[in-house]
Amino acid sequence: MVYITEDMVRRRAEHNECEIFSLEEVSLHQQDIERIEHIDRWCRDLRILYLQNNLIPRIENLGRLKKLEYLNLALNNIEVIENLEGCESLQKLDLTVNFVGRLSSVESLKHNVHLRELFLVGNPCTEFEGYRQYVVASLPQLKCLDGTEISRSERIRALQGLEEVRRGVRQREQEYLRRRAAEKEEAQRKAAAEEERGDKEGKPGFDGRWYTDINNTVPGSMENKENQEVEENMDSDEERQEREFWHTPCSFTPESRLEAHRHLEEKRKAKEKQREKKPKPPRTLITADGRVMNVNEPKLDFCLTEDDENNRIVLDLAVYRHMDTSLIDIDVQPTYARVSVKGKIFQIVLPAEVKPDSSTAQRSQTTGHLVLTMPRAEGEIKVTKTIPRPPRACQNRRSSPPEDNKRKNTVPERLEVDPSKHTAVDLANIVSRQSAKEGPLETSRVSPTTHSSCSEGFVDDPDVPPLI
């Protein structure tokens with residue numbers, strides 16, 4: 001059951017700086033309100049009150065609103081017109097599509113001398129014979145009924161046969177009240193049956209197990225397979241019950257309308273509970289191996305272009321036009337750009353490396369588009385893998401000159417120090433200078449050194465590969 005709270009009224013007083021005591025208009029429609037309360041004490045200066053499309057069964061707690069001019073109670077469960085004598089300034093009353101069956105309750109509006117418009121379309125009383133004539137004759141101050149203006153001749157004719165029409169209206173009211181009593185009894189019986197069925201569903205089944213045992217079985221076991229069949233049967237039963245609920249014909253009464261609302265509310269809560277049990281997995285932005293993913297959660301149109309003349313990359317993102325810029329968060333990285341729009345991620349991989357520090361973001365005041373300008377990086381460091389050639393322990397003395405030349409062309413030259421001549425590396429004499437007056441230093445080729453001698457009895461076999 002939804003109650004009218006101070007916070008509810010205050011949230012609808014934004015145009016009045018959240019002050020409710022001086023409010024002149026309040027809209028509380030489509031809030032599933034089931035009772036009118038507190039408004040006559042909190043908003044004494046109220047002139048317009050919207051309460052349509054709720055579940056209000058009775059008009060009450062409005063007598064202190066002396067300045068109220070327009071009251072909208074359409075699409076509710078009201079059966080009697082009452083408790084409006086205190087609304088001295090009431091000019092328009094809308095009771096469209098309610099359950100007003102006591103047409104004689106219209107006479108309570110005689111005290112509202114300023115009442116000019118009344119709407120009763122969609123109420124059971126409008127089906128009574130002589131309905132319009134009775135209302136026109138009972139309310140002489142009324143100017144318009146159900147959107148149709150009341151002429152002077154119509155009022156005169158209504159007053160001429162008022163007694164006969166009144167007797168017919170009272171007879172129809174008695175029939176309607178008897179029918180309503182039967183409908184209320186049927187609704188009570190149905191509610192008791194539903195409650196009894198709910199109690200039975202909470203008891204163990206024919207096998208003595210509770211329904212919660214379905215979730216406490218071992219996967220793959222025979223018992224689990226049986227429970228899966230039970231779950232499927234439960235789902236089919238729920239679908240069948242849902243289909244029966246909406247396709248079973250019933251009379252349009254306050255009880256049936258309230259029952260439909262309760263049913264929809266239970267389905268909504270069940271869906272929310274199921275959604276809470278199965279949280280949505282977070283979207284992967286960057287994989288475990290470091291690969292950046294393209295993501296467009298807000299489903300925005302975009303255009304990514306490469307400006308070669310200015311050496312930059314431009315991203316045009318079609319952000320919602322009337323959305324506040326404070327709800328946008330931008331993160332530019334060398335290889336990708338990420339934009340958060342109201343918590344939803346837009347991420348795109350860039351075709352080239354950019355400078356995040358030099359990037360700019362601008363938003364159009366006319367279209368709302370977000371434009372990211374990202375200059376390209378001037379140079380990219382590329383890492384290449386080289387496989388070094390293992391050194392040879394001993395050179396082959398008998399190798400042919402062509403083979404030596406080929407080896408020199410393929411193997412990079414390296415400097416080696418003979419430990420027998422120097423105890424340390426002489427850095428000053430690594431590069432030789434031909435003359436002190438010559439130009440820049442000229443590097444001399446130094447061939448790899450070899451051992452001057454080998455051990456006694458050494459035989460150089462050309463087929464043996466060098467030592468590593």
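The values are calculated or read from the model by the stated rules, or taken from the named source; none is laboratory data. All values reported here derive from a predicted model rather than from experimental measurement. Every residue, glycine as well, gets a Cβ built from its backbone with ideal geometry; the counts of neighbours run over all protein chains shown.
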- [ ] Looking only at segment 6-28, count how many residues are modelled with pLDDT of 90 or more and basic (Lys, Arg).
- [x] 0
Open item on the list: For segment 155-210: of the residues being surrounded by 10 or more Cβ atoms within 10 Å (Cβ to Cβ) and not in a helix (DSSP H, G or I), which is modelled with the highest pLDDT?
Closed with: Gly161
TODO: Scan Leu55, Leu71 and give me the residue that is on the phi < 0 side of the Ramachandran plot and not in a loop (DSSP other than H, G, I, E, B).
DONE: Leu71
Open item on the list: Suppose we filter Leu300, Leu304 for residues that are surrounded by 11 or more Cβ atoms within 10 Å (Cβ to Cβ) and either of a type in the set (Gly, Ala, Ser) or in a loop (DSSP other than H, G, I, E, B) (or both); which single one remains?
Closed with: Leu300
- [ ] Report, ordered by the first and then the second residue, all pairs with beta carbons closer than 7 Å, sequence separation of six or more or different chains, a first member in segment 1-17 that is under 10 Å from Leu28 (Cβ atoms), and a second member that is of a type outside the set (A, V, I, L, M) and part of a helix (DSSP H, G or I).
- [x] Val9/Trp42
- [ ] Note down all Cβ pairs under 7 Å where the first residue falls in segment 123-142 and is within 19 Å of Asn112 (Cβ to Cβ), the second is acidic (Asp, Glu), and they're at least six residues apart or on different chains.
- [x] Val136/Glu154; Ser138/Glu107
Task: Residue in segment 12-27 that is touching a helix residue (DSSP H, G or I) at 6+ places or on another chain (Cβ under 8 Å), closer than 27 Å to His263 by Cβ and surrounded by 15 or more Cβ atoms within 10 Å (Cβ to Cβ) present - done: no
Open item on the list: The conditions are (1) surrounded by 15 or more Cβ atoms within 10 Å (Cβ to Cβ); (2) within 16 Å of Leu300 (Cα to Cα); (3) not polar (S, T, N, Q), and Asp329 fails exactly one of them. Which is it?
Closed with: (1)
Open item on the list: I'm checking my understanding of the structure. Among residues of segment 117-135 that are part of a helix (DSSP H, G or I) and more than 51 Å from the chain's Cα centre (by Cα), which one is nearest to Glu173 (Cα to Cα)?
Closed with: Tyr134
TODO: Being in contact with a helix residue (DSSP H, G or I) (Cβ under 9 Å, 6 or more places away or on another chain) and in contact (Cβ under 8 Å) with a residue 24 or more places away in the chain narrows it down to one of Leu46, Leu62, Leu73, Leu95, so name that one.
DONE: Leu62
Open item on the list: I need every pair where a residue in segment 355-367 that is closer than 21 Å to Leu300 by Cα has its Cβ under 8 Å from the Cβ of a residue that is of a type in the set (Lys, Arg), sequence separation at least 6 or different chains.
Closed with: Thr367/Arg321
TODO: Quickly run through segment 235-264 and pick out the residues that are under 31 Å from the mean Cα position of the chain (by Cα) and among the polar types (S, T, N, Q).
DONE: Ser236, Gln241
Task: Pick from segment 74-101, criterion assigned to a strand (DSSP E or B) and of a type in the set (D, E, K, R), ranking: surrounded by the most Cβ atoms within 10 Å (Cβ to Cβ) - done: Asp94
